[in-house]
1. Please identify every one of the trypsin sites (Lys or Arg not before Pro) in segment A:4-66 that sits in a loop by DSSP and has no more than 11 other beta carbons within 10 Å of its own beta carbon.
2. With angles folded into 0 to 90 degrees, how steeply does helix A:2-27 sit against the dominant principal axis of chain A? Use alpha carbons for both and round to 10.
3. Pairing the Cα long axis of helix A:53-62 with the longest principal axis of chain A, what angle in degrees results, from 0 to 90 and rounded to the nearest 10?
4. In whole Å, what are the extents of segment B:93-197 along the principal axes defined by its C-alpha atoms, from largest to smallest?
5. Placing +1 on the Cβ of each Lys and Arg and -1 on the Cβ of each Asp and Glu in chain B, which of B:ASN87, B:ALA40, B:LEU4 has its Cα farthest towards the positive end of the resulting dipole?
6. Using a cut-off of 28 Å between alpha-carbon atoms, which lysines can reach B:LYS42, once sequence neighbours fewer than 8 places away in the same chain are excluded?
7. For chain B, set up a Gaussian network in which alpha carbons nearer than 10 Å are linked by springs, and say which option among B:PHE105, B:PHE72, B:PHE45 fluctuates the most.
8. With the calculation restricted to Cα positions, what are the radius of gyration and Dmax of chain B in angstrom?
Amino acid sequence: MATFLKSLLAAAIGVALGLTATWLAVERGYGFGAVSSGPWTGWPKTGSDGADPYARAVLARTGEVPLGLAEGLSFTARTDEAGAKLDPTCDYIVTGPIPPARYWTLTALTPRGLVIDNGAGRTGITSAEIVRAMDGSFAITLSRQARAGNWLPLGNTSDFVLLLRLYDTPLSSASSSIGTTPMPTLRKERCA
Amino acid sequence: MKSLTNLRETLIGNSPWIAGAIIVAGIVHITSILAMPYLAPKDAFARLEQAAPLNQITVLPQPSSASALMPFEDPATVVAVCRYDLNQAPLRMRGPLSGDGLLLFSFHNRFGTTFYSMTDKGALRGRLDVLVLNQTQLEAVEAFDPEDELPQELRLLSPTQRGFVIVRSLAPEPGSRPQARARIGQIACEAEGNRRD
C-alpha cells in the first residue's frame with residue numbers, strides 16, 4: 001500500500017514539475033536561438049521552418065504570427081541599457097544607429113502585445129517620420145509628457161515593452177551577424 | 001543536526017521515487033511542449049478561422065488597447081489574411097506589386113509555422129503570382145507545363161492541407177493608411193479552378 005501511495009505521489013510531483021517547466025518555458029521568450037545586442041533580443045528563427053518546438057509552443061499559445069525571415073526582423077527590449085526594467089513613469093531616449101532596413105518602426109506595446117492608448121493617438125514611430133539632425137543622427141524621446149522632436153508617447157500603462165522592427169533588412173539572411181551589428185541605445189532619463 | 005541526518009536518510013531511502021518523479025517530469029514537459037501546437041485552442045489558425053472566409057483576402061481589424069486578433073502586430077501595418085484548404089482547391093494569389101510601398105507576405109501551415117516568406121521585392125516582373133498547393137496538385141500542374149520554359153508563377157508546396165497567408169502593408173506615416181489599405185485591395189486570393197483540365 002505504501003508503495004502504491006509513494007508511486008502515486010512521485011507521479012503527481014513529476015507531472016506538476018513537468019507542467020511547471022513547460023509553463024516557465026513558454027512564459028519566457030521563444031525558445032532557443034535568441035540573438036541579443038544590448039537590451040534588444042530577437043528570435044529570427046521563429047519566423048521560419050527552423051522554429052524549434054519551444055517557439056512553436058509559444059506561438060500556438062499566444063496566437064501571434066511572427067515576421068517571416070524574409071520579411072524582416074523584430075527585436076524586443078524589456079529593459080533599458082543598464083538592465084533596469086522599462087518603467088512608463090520615466091523618460092527614455094533612443095539614439096541610433098539602426099541597422100540597415102528599407103523601413104523600421106519602433107513601437108511601445110504592453111508585455112502581452114496590446115496597443116497602449118495615449119492622448120496623442122500615436123502608438124509608434126517609423127523611419128519615414130523621423131526628424132534627423134544635420135549630421136543624419138536622431139534621438140527618439142519616450143515619455144508620457146509631450147516632447148519636442150521625435151516623441152513616442154507612453155500611455156497609461158503599468159508596464160511596457162519596446163519593439164524595433166526592421167523591414168526588408170539585409171540582416172535577415174545572415175542571422176549570425178546580428179550580435180555584432182550596432183543597435184540603438186536605450187537610455188533612461190529622469191523619472192516622475 | 002539530527003533532523004538534517006533524518007532528511008538525508010529519507011532522501012536516500014526514497015531516491016528511486018525521486019528519480020521516478022524526475023523522469024515523469026521530463027516526459028510530461030517534453031510531451032506538453034510538443035503537443036501544444038496541436039492542442040492550443042486559440043492559436044493563430046483558430047483565431048483567423050473565425051475572422052475570415054476561405055480563399056478570399058480579408059483585412060483584419062486594427063488592433064486596439066482592449067483586444068488584438070493577433071498580439072504583437074505592428075500598429076503601423078494594415079494586416080490581411082487569405083485562408084486556404086487544399087482539400088478543396090489550391091490557392092491562387094495575384095496582384096500588381098509596384099514597389100512604391102512595403103508589402104510583406106508570409107505563408108503559414110495549420111500550426112502557424114512559417115513555410116515561406118517574401119516581400120514585394122521578391123515579385124516576378126512587378127507582379128505577384130503565387131500558387132499554394134499540395135504534392136498531388138503540384139504534380140497535376142507540372143504535367144501540363146511546357147517543357148522548354150520555366151513556370152511563370154511561384155509554386156509553394158504547403159506542408160499541411162490547411163493554412164493561411166498573412167499580407168502586411170506598411171503605412172510609414174499616420175496619413176498613409178488609406179494607401180496601405182489600397183495596396184492590399186489590389187491583391188486577390190481565390191480558389192484555383194480546374195482550368196488546365
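1. Counting only loop positions with at most 11 other Cβ atoms within 10 Å, the trypsin sites (Lys or Arg not before Pro) in segment A:4-66 are A:ARG28.
2. The two axes meet at around 10 degrees.
3. 70 degrees
4. The Cα atoms of segment B:93-197 stretch 48, 34, 20 Å along the principal axes, largest first.
5. Checked the options; the winner is B:LEU4.
6. A:LYS45
7. B:PHE72
8. Reported Rg and Dmax, both Å: 24.4, 87.
Coordinate-derived values only; no laboratory data. Computed from a prediction, not measured in an experiment: that's the story for all the values here. Neighbour counts are summed over all protein chains in view; Cβ atoms, including those assigned to glycine, are modelled from backbone coordinates with ideal geometry.
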